[in-house]
Amino acid sequence: MQKVLQVTVLVLSLFMILAPPTLSPMAVRASPGIIHVPQDYSTIQAAVNAASLGDSILVSSATSPYSGNITIEKSLTLIGESAASTVIDAGGVAPGILVNATSGVSISGFTVRNSASYESEIAIVSSTSVTVSGNIIVSSENPAGNGTFVQNSNGVSLRNNTVTGNIYGIAVQGGFSNTIQSNNVTGNSAADVYLANTTGTQVKNNILRRSQSGLDVWYGSTGNSIARNTVANNTLAGIWMISSFNNQIVNNNVDWNNSTSNSIGVYLQNTSGNEFYYNNIRHNGVQMYGVFGSDLAGNVWNDGGISPRGNFWSNYNGTDNDTDGVGDTNVPWPCPNGGHPCSFNGGPGVDYYPLMNATRPPMLNVTLTPTPINGCSVPVPLQVSFSSTVQGGSPPYQYSWRFGDSGVAGNLTSPIHAYSARGGLFATLTVNDSSLPENSASDTVSITSFTGGLVLHVEDSSKKPMAGVNVTSIAQPPGLGRTYQLTSASGTVSFLCLPPGAYRFQVSDSGYQILVVSVAITNSTLTQTLTLVPLPGQSSFLTSVLLYSGIAVALILILVASVFFRRRGQRRRKLGLSDDTI
């Protein structure tokens, strides 16, 4: 018995010596701390480097300006003493602030300026849950850079910032469920706000003025909510949409985009399924223009109600004999006869229910908040809880809900709705003041029910389906965890509900070379066939040699140990000692 115990201890000791070390979890402080600049650290970057997760960094304006090129790759809060006097100067070298591949970051109270030409004052890349609020973001380089650039990031909130003098004021490329709200974005040379290939972004209550275009909605932007913005005094177009679909444009003032007779209020090119209503479209060189006939006929220009209501056009000259506030002529405006200036090849269009009077801000202020704002509705419906706040007027209020999927609800303040539909779905709450029944206000949010997917067929070099192959994501949009499946008997895996963004999947099976495939998921399901290649014979032989060599070494160790203890026992017996003697 003693011999067996000693052999076991010896073998375990060998394994402990040869085994790789295990890493202890990263220590995180129980409660966030506060770091002061320049009292604790002379530079902001030094404070960021020293900060633990969740810490707050308070920056005094006393020694402003601070050197820029600050990189944040951890969760923290960065607060300047005053946006007017706490300056981060990038020195014309790189982004003033770069938030890279992280989450839970908040930046407020700074002037950020002087990034390199064609760079960005604040860049947010592959991150989630980032808030940038109460800052002054200005370019002083020639040529300029961009104000705030959000790339492939989700849940980013840009609020109450002043953004001026840049190429693009705010640019969002890729990602989903971002918010651009209550910013003053003025005098940026290309566009004040630019959206491209993004889903479920809220653009609300912003001032967008004095650029080439106030708002660009370009190339695969879908399911975005654009509401209550002032888009004025731009030289090319107020709202410029290209190859974008199923967006909602409501309650905006698109005014005085008329620096030339060709300046356009709403410009559409290769668009469909977009909804325009309750907008004031006034005093533009051309009120609206559609490149193709489908741009006029393929979009919706009223609220879809029982008594539809459209948009107000400052040059509408129809009548309203029934005094319902909607023109009676039953011909579309602004081009009843089609053609120029609305389009060179389109038919009559576009608004059959033009408003007789401009829409005005209501006395009520309604805010609608969904939780979550995105998710998958397959195979289980997406459960969204709504909460609401109302300010102004006199309660009790009357609530009316439209959830965007034909679902409705009555007088509830916080309903829960189950979504089975997929795509960008616009939930709208309308509130009436009981003391002034004619006074109502509404708020709309975009709920993103993911529509993209990926189907992979895996086969061997003889085109035979391979079952049990491991398919694992090794890169995915920010904020998402890894996902994996094994191929079925038919060699297939199906990821039916993926958030939009860039993915990389690793495909592996014993005896085959590992394959890595990169895909970009948007709003459709991709199908690909992959072929796994066997490992080279030499590699297989080497693997076998190493395996059997390891087994042989272990057997030799056990044999040596056994011989050692047997001879030791023989010596003890010759000396008249018991085997159990220590």
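Quick note: the coordinates plus some simple rules give every number you see, no bench work behind them. Quick caveat: nothing in here was measured; it's all calculated off a predicted structure. Reconstructed Cβ throughout: ideal geometry from the backbone, glycine too, with neighbour counts over all protein chains shown.
The table that follows gives values for the structure above.
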{"quantity": "Amide H contacts under 5 Å for ILE170, placed H, 5+ residues apart", "calculated": "THR148, VAL193, TYR194"}
{"quantity": "³J(HN,Hα), Karplus 6.51/-1.76/1.60, whole Hz, each residue of segment 191-202, x for Gly, Pro", "calculated": "7, 6, 10, 10, 10, 9, 6, 10, 10, x, 7, 9"}
{"quantity": "Karplus-derived 3J(HN,Hα), 6.51/-1.76/1.60, for each residue of segment 79-86, Hz, glycine and proline x", "calculated": "10, x, 5, 7, 4, 6, 10, 9"}
{"quantity": "Distance histogram in 5 Å bins (all Cα pairs of segment 190-360, percent per bin)", "calculated": "2, 10, 19, 24, 23, 14, 6, 2, 0"}
{"quantity": "Per-pair calculated FRET efficiency, R0 = 35 Å: GLN383 and ASN357 via Cβ, rounded to 0.05", "calculated": "0.30"}
{"quantity": "Compactness relative to 2.2 N^0.38 Å, alpha carbon Rg of the chain", "calculated": "1.29"}
{"quantity": "Shape call, segment 127-234: gyration tensor on alpha carbons, a/c limit 1.5", "calculated": "rounded"}
{"quantity": "Residue exposure sequence - TYR219, TYR168 - by fewest surrounding Cβ within 10 Å", "calculated": "TYR219, TYR168"}
{"quantity": "Descending principal axes extents, segment 369-520, alpha-carbon based, whole Å", "calculated": "76, 25, 17"}
{"quantity": "Estimated vicinal HN-Hα couplings, Hz - segment 59-74 in sequence order (Karplus 6.51, -1.76, 1.60; Gly, Pro = x)", "calculated": "10, 7, 8, 4, 10, 5, x, 9, 5, x, 6, 8, 10, 10, 10, 8"}
{"quantity": "Ranked list, fewest to most other Cβ atoms within 10 Å of each Cβ, for SER56, SER394", "calculated": "SER394, SER56"}
{"quantity": "Between 0 and 90°, nearest 10: helix 537-574 axis offset from the chain longest Cα axis", "calculated": "40"}
{"quantity": "Extension gain (nm, one decimal) between ILE34 and VAL93, 0.36 nm per residue minus Cα-Cα", "calculated": "18.3 nm"}
{"quantity": "Pairwise centroid distance, computed over Cα atoms, of segment 132-172 with segment 344-415, Å", "calculated": "28"}
{"quantity": "Neighbour-count order for LYS74, LYS204, LYS463, fewest beta carbons within 10 angstrom listed first", "calculated": "LYS463, LYS74, LYS204"}
{"quantity": "Distant alpha-carbon pairs in segment 365-449 (separation over 22 angstrom), percent", "calculated": "25"}
